[in-house]
Amino acid sequence: MALQVTNRLTRQKEEFVPLVDGQVRMYVCGPTVYDHAHIGHAKTYISFDVIARYLRYKGYQVRYVQNITDVGHLLDTGEDRILKKAGALSVEPMEVVEAYARSYFEDMDALGVQRPDISPRASGHVPEQIEITQVLIAGGHAYATPDGDVYFDVNSWPEYGKLSGRRMEDLQSEREIAGSEKRNQADFALWRHAEPEHLMQWNSPWGKGFPGWHIECTAMATKYLGETFDIHGGGLENQFPHNECEIAQSEAWTGKPFANYWLLTGSLTINGEKMSKSLGNFITIKEALGILPLPEERRDLVDVVRPEALRTFILANHYSSPLDYSREALQGAARGWERLIGAAGLARFKAQSAPQGDAAAGFQTVLDEQRARFEAAMDDDFNTPVALSVLHDFTREVNSLLNSDEQIGSIILEKISAFYDELGRGILGIIPSDLTEMGGAPERLDGVVNLLITMRAEARAEKNFAQADQIRDRLAEIGIVLEDRPDGTVYKLA
RNA sequence: GGCGGCAUAGCCAAGUGGCAAGGCAGCGGUCUGCAAAACCGUUAUUCACCGGUUCGAAUCCGGUUGCCGCCUCCA
């Protein structure tokens, strides 16, 4: 079935047709590495992680490029984010970049986000950015000021605003900046001159300076994906001005379309409010996963959950929709996720002692039907909420089968496991690869718990329920939950 | 003020013309020594509000209200 995607550029749902048959080239705006990543980053990058995973599942050869911004991204005070942080910590700017780039990848790894194929850094592509800027000046799309700044001339590009729906008249009616060397308020910097004390600067035809924020994406996307590529992704809050500027400068430079499909993720809010440090409702990924402690004043904001549960919460909403983070909503998603892994784990448990053969072969119909529904959902603009509901429907069927008296052969049990493995783990990334080691239970712990389970079984056989319950209750207190099944007792780590 | 988007049960959420998916919470039941888990049943005559188009609208059109994002840095 054909994949449909909602293209923000055309504002329509379209059939996805890559430039080169069988290949997908995708660029996603990455983080500026001046602080730990937060759960808004998690929403964006988990969304594109699933998109990349699904494209590969469909058989496409995907090249996924996601940049690291480490220079030129200024605060509204005009300070460079990286330099400001370096000054505060009294370290080299590149130490800040290195520390937070590592932190970012740690977080993405913890969330099960597969690494992009290329993670280029802006500071490593300054010559490319200078070259593009020169061509834009030569083509009459940019101009240098006496100070050594270079601005893109939006008046030279009538299509400026086509992604975000802004019109030039609206932009020009905005306030004027006193003393600005820009010809037009909407003009944006391609290059900025640096004062001698500025720590990150490079030689250029316009003197010492550093690249503007937007031009890096043009340089790195086209370098690794070509002048025109398939998918450009990012967060909706960067649609204007960042994405708009990217399109203008890229297309003015090459004379060709930049990206064919624009996929933008909806923003994340917390309890209905924008997440920001000033509001005190900022949650980093490390805090959400319990890797770093949450300060007292934000402790009632968040419940620490497993990464797969956080992914489930994010994927229970469509990538393009806004998502409001609340404890209640997160807990609801986490509970639903537990149901899924309960069934997936039970299937693996049963497979260990299943009779050979194809008993219960009739279940093949369910496997086929639910996989088709899952794929149909994902083909429809990566509709993960529906894909998740398919997993739930499938899980009801699985639970009914596994809890029935019916003989189930190893073939069907392995197919059930493969279903969870390919769709739940491989595409959505919410089913852990080794359920018996959920929460990191090492083999010795496994042995100890099994010993206690045996002792409890003996107590139960002697109708010594007081002792049996004591074993179960005290294990529950330390987070080990026992469940009695007709075919034996299993345990889960809470 | 301008641009973009959203409004579906207690909570989350899918659904763009033909009787309102799924999850969480709740309630009733089955199973269990008791639990837990699981399964079965149940929970929106109704989709912010008011008009219109249509045999038929949550879905299309017009208007109203509320909320969010962006317009200045943010994924």
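The values are calculated or read from the model by the stated rules, or taken from the named source; none is laboratory data. Every value quoted in this text rests on a predicted model; they were computed, and no experiment measured them. Methodologically, a virtual Cβ is constructed for each residue, glycine included, from the backbone with ideal geometry; neighbour enumeration extends over all protein chains shown. For the accessible areas, the whole protein counts, side chains as well, though only heavy atoms, and no ligand, DNA or RNA atoms are used. Shrake-Rupley method; radii C 1.70, N 1.55, O 1.52, S 1.80 Å.
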Condition broken by A:TYR143, with the remaining ones in (1) closer than 30 Å to A:VAL304 by Cα; (2) at pLDDT 90 or above satisfied: (1)
Residue list for segment A:46-78, restricted to those being of a type in the set (A, V, I, L, M, F, W, C) and either open to solvent by less than 10 Å² (accessible area, probe 1.4 Å) or more than 10 Å from RNA strand B (Cβ to nearest atom) (or both): A:ILE46, A:PHE48, A:VAL50, A:ILE51, A:ALA52, A:LEU55, A:VAL62, A:VAL65, A:ILE68, A:VAL71
Complete set of residues in segment A:472-494 that are outside any strand (DSSP E or B), at pLDDT below 85 and over 34 Å from the mean Cα position of the chain (by Cα): A:GLU477, A:PRO486, A:ASP487
Qualifying positions in segment A:285-299 - touching a residue at least 12 places away in the same chain (Cβ under 8 Å) and open to solvent by 100 Å² or more (accessible area, probe 1.4 Å): A:GLU297
Answer residue from segment A:1-13, given it is over 14 Å from A:PHE258 (Cα atoms) and at pLDDT 90 or above and is surrounded by the most Cβ atoms within 10 Å (Cβ to Cβ) among those: A:VAL5
Residue within segment A:98-108 that is over 29 Å from A:ILE427 (Cβ atoms), over 21 Å from the mean Cα position of the chain (by Cα), in the same structural domain as A:VAL33 (by TED's automatic domain parsing) and part of a helix (DSSP H, G or I) present: no
Verdict on A:VAL366 being β-branched (Val, Ile, Thr) and farther than 25 Å from A:GLY112 by Cβ: yes
Meets criteria (farther than 30 Å from A:MET200 by Cα, out of contact with any helix residue (DSSP H, G or I) (no Cβ under 7 Å at 6 or more places or on another chain) and either more than 10 Å from RNA strand B (Cβ to nearest atom) or open to solvent by less than 10 Å² (accessible area, probe 1.4 Å) (or both)) for A:VAL20: yes
Conditions (1) open to solvent by 10 Å² or more (accessible area, probe 1.4 Å); (2) more than 9 Å from RNA strand B (Cβ to nearest atom); (3) in contact (Cβ under 8 Å) with a residue 12 or more places away in the chain; (4) under 21 Å from A:THR10 (Cβ atoms); number of the one not met by A:GLY255: (3)
Candidates A:PRO241, A:PRO211 - the one that is within 14 Å of RNA strand B (Cβ to nearest atom), open to solvent by less than 10 Å² (accessible area, probe 1.4 Å) and assigned by TED's automatic domain parsing to the domain that holds A:VAL135: A:PRO211
Residue satisfying all of: in segment A:387-409; more than 15 Å from A:VAL50 (Cα to Cα) and open to solvent by less than 10 Å² (accessible area, probe 1.4 Å); nearest to RNA strand B (Cβ to nearest atom) among these: A:THR395
So A:ILE231, is it in the same structural domain as A:PRO31 (by TED's automatic domain parsing) and crowded, with 17+ Cβ neighbours inside 10 Å: yes
Some residue of segment A:434-447 being within 14 Å of RNA strand B (Cβ to nearest atom) and modelled with pLDDT of 85 or more: no
Residues of segment A:108-128 that turn out to be open to solvent by less than 50 Å² (accessible area, probe 1.4 Å), in contact with a strand residue (DSSP E or B) (Cβ under 8 Å, 6 or more places away or on another chain) and either of a type in the set (Asp, Glu) or within 20 Å of A:ARG192 (Cβ to Cβ) (or both), as a count: 2
Residues located in segment A:462-471, provided they are within 9 Å of RNA strand B (Cβ to nearest atom), free of Cβ contacts under 8 Å to residues at least 12 places away in the same chain and part of a helix (DSSP H, G or I): A:PHE465, A:ALA466, A:ASP469
Residue check for A:ALA186: outside any strand (DSSP E or B), hydrophobic (A, V, I, L, M, F, W, C), at pLDDT below 90 and under 18 Å from A:TRP213 (Cα atoms): yes
Matching entry among A:ALA309, A:ALA343, A:ALA334 (being in a helix (DSSP H, G or I) and surrounded by fewer than 18 Cβ atoms within 10 Å (Cβ to Cβ)): A:ALA334
A:GLY40 being under 14 Å from the mean Cα position of the chain (by Cα), within 21 Å of A:SER276 (Cα to Cα) and small (Gly, Ala, Ser): yes
Residue match in segment A:355-375 (condition: in contact with a Pro (Cβ under 9 Å, 6 or more places away or on another chain) and either at pLDDT 95 or above or open to solvent by less than 40 Å² (accessible area, probe 1.4 Å) (or both)): no
Matching entry among A:ARG298, A:ARG327, A:ARG306, A:ARG311 (being within 13 Å of the chain's Cα centre (by Cα), of a type in the set (Lys, Arg) and more than 8 Å from RNA strand B (Cβ to nearest atom)): A:ARG311
